[in-house]
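Asker: One structure is given below, represented as structure tokens, and several questions about it will come after.
Taken together, the values in this text are just the output of simple stated rules run on the coordinates, not laboratory data. No experiment lies behind these values; they were computed from the predicted model shown. Because the Cβ atoms are built from the backbone with ideal geometry, glycine has one as well, and the counts that use them run over all protein chains shown.
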Amino acid sequence: MEPGNGTQISEFLLLGLSQALELQPLIFGLFLSMYLITVLGNLLIILAVSSDSHLHTPMYFFLSNLSLVDICFTSTTIPKMLWNIQTQSKIITYEGCVTQMYFYTLFVVLDNFILTVMAYDRFVAICHPLHYMVIMNPQLCGLLVLVSWIMSVLISLLHSLMVLRLSFCSDLEIPHFFCELNQVLQLACSDTFLNNILLYFLIVLLGGGPLVGILYSYSKIVSCICAIPSAQGKYKAFSTCASHLSVVSLFYGTSLGVYLSSAATQNAHSSATASVMYTVATPMLNPFIYSLRNNDIKKALERFLGR
């Protein structure tokens, strides 16, 4: 891999969220706390679901997979950022940067797919309740998760291979706290037309496609709920998908806000700060959303922690 000046690329510089030295301890403490809360919260969800037989249903199977993905998602970026702050080093090797891009893309895409699968699960549960356990059988649930993993791996691998074909300029400073694909492409000296076409095509396809599927599922869900005669029945039906709808709104709202603000301001540091919302804050809040709004999860956590 040769940069424009003909020397071998060995490393990039991650500039982080702030250059102010006095803010580094505050940023370190804040992100360490958020990371520990994210890992602990999502791990408790996984343990509660796996240990309680009452939660061995499709909805909670997908929820435990979402929690696992969220742990992996934050683990691709935050530990390296914390290490850089602690060691006062901004260096990430070229191989490390490509690896980070690969896993970051993998878990973002997988998060997207899992949320879509969960929307389909809620659609079947509310619109076809009598056939729910027949349609959402263990084989289909496992297949949906497996296909989501395979597609995410292939898409992430494609992006990484496309980056490997590029040559880079001598200035390899990334104004971000991790190797975000779009920021790395901007450092390339070679033609990135194909990379950008692939990037925006997949953003539209993987962002728009699942979002349309989720919106379609919820349009059918709303129609079914409105057809329920009793107010108690409507509330009970809506409560089963309220947590998922909150998580979807948070995930798509923050990620869309990041890209729109980035496109509007063209300010890399503002974009890095905004990225914190969906890379750190959203995975951290997901366990709280599900545990606070879901009595089954609350009871399972109480039983698990009470052992």
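Asker: Based on a Kirkwood Rh over C-alpha pairs, give the Stokes-Einstein translational diffusion coefficient of region 19-177 at 4 °C and viscosity 1.567 mPa s in µm²/s. Mind showing how you got there, number by number?
Answerer: Details: Rh = 18.2 Å.
Here the translational diffusion coefficient equals 71 µm²/s.
Asker: Further question on the same structure: Roughly what would the spin-label model give for residue 305 and residue 50, points 7 Å off Cα along C-beta, in nm?
Answerer: Distance between the two pseudo-spin positions: 1.9 nm.
Asker: What number do you get for region 77-167 when its Cα radius of gyration is normalised by 2.2 N^0.38 Å, N = residues?
Answerer: Working: Rg = 18.8 Å, N = 91, 2.2 N^0.38 = 12.2 Å.
For region 77-167, the normalised Cα radius of gyration comes out at 1.54.
Asker: Suppose each label sits 7 Å from its Cα in the direction of the beta carbon; what would the residue 231-residue 147 distance come out to in nanometres?
Answerer: Those two pseudo-labels are separated by 4.1 nm.
Asker: With Cβ to Cβ distances under 15 Å as the rule, what net charge do the other residues near residue 114 carry (K, R +1; D, E -1)? Walk me through the intermediate numbers first.
Answerer: Numbers: positive: 122; negative: 70, 111, 121.
Residues close to residue 114 contribute a combined charge of -2.
Asker: Pull out a ≥ b ≥ c, the square roots of the eigenvalues of the alpha-carbon gyration tensor of region 149-195, then state rounded if a/c is under 1.5, prolate if not and a/b is larger than b/c, and oblate in the remaining case.
Answerer: Working: a/c = 2.96, a/b = 1.53, b/c = 1.93.
Taking the square roots of the gyration eigenvalues as a ≥ b ≥ c, region 149-195 is oblate.
Asker: Within region 54-159, which trypsin sites (Lys or Arg not before Pro) sit in a loop by DSSP and count at most 15 neighbouring Cβ atoms inside 10 Å? Display every interim value, and only then the final one.
Answerer: Values: sites: 80, 90, 122; in loops: 90.
Passing sites in region 54-159 do not exist.
Asker: Could you give the length gained on full extension between residue 130 and residue 298, defined as 0.36 nm per residue of separation minus the Cα-Cα distance, in nm? All intermediate terms of the calculation are to be shown ahead of the outcome.
Answerer: Details: separation 168, 0.36 × 168 = 60.48 nm, distance 2.63 nm.
Additional length available on full extension: 57.8 nm.
Asker: Follow-up. Show that you can apply the helix-only estimate: for the chain, add -39,500 (n - 2.57) for every DSSP H stretch of four or more residues, divide by all residues, and state [θ] at 222 nm to the nearest 500. Please report the intermediate quantities before stating the final value.
Answerer: On the way: 13 runs with 221 residues, N = 307.
Helix contribution divided over all residues of the chain: -24000 deg cm²/dmol.
Asker: Sequence gap at least 6, Cα distance under 8 Å: using those rules, report the relative contact order of the chain to the nearest whole percent.
Answerer: Values: 335 pairs, mean separation 91.8, N = 307.
Relative contact order for the chain comes out at 30 percent.
Asker: Still on this structure: Relative contact order for region 1-153: what is it in percent, counting Cα pairs under 8 Å that are at least 6 residues apart?
Answerer: Relative contact order for region 1-153 comes out at 28 percent.
Asker: If you filter region 143-244 for trypsin sites (Lys or Arg not before Pro), then keep DSSP loop positions with at most 14 other Cβ within 10 Å, what is left?
Answerer: Numbers: sites: 165, 220, 234, 236; in loops: 165.
Those satisfying the criteria are 165.
Asker: Taking the highest mean first, how do the peptides 63-75, 18-30 order by number of other beta carbon atoms within 10 angstrom per residue?
Answerer: Values: 63-75: 22.2, 18-30: 12.4.
Descending mean neighbour count gives 63-75, 18-30.
Asker: Take the Cα pairs of region 10-90, get the Kirkwood Rh, then feed it into Stokes-Einstein at 4 °C and 1.567 mPa s and tell me D in µm²/s.
Answerer: Details: Rh = 14.5 Å.
So the translational diffusion coefficient is about 89 µm²/s.
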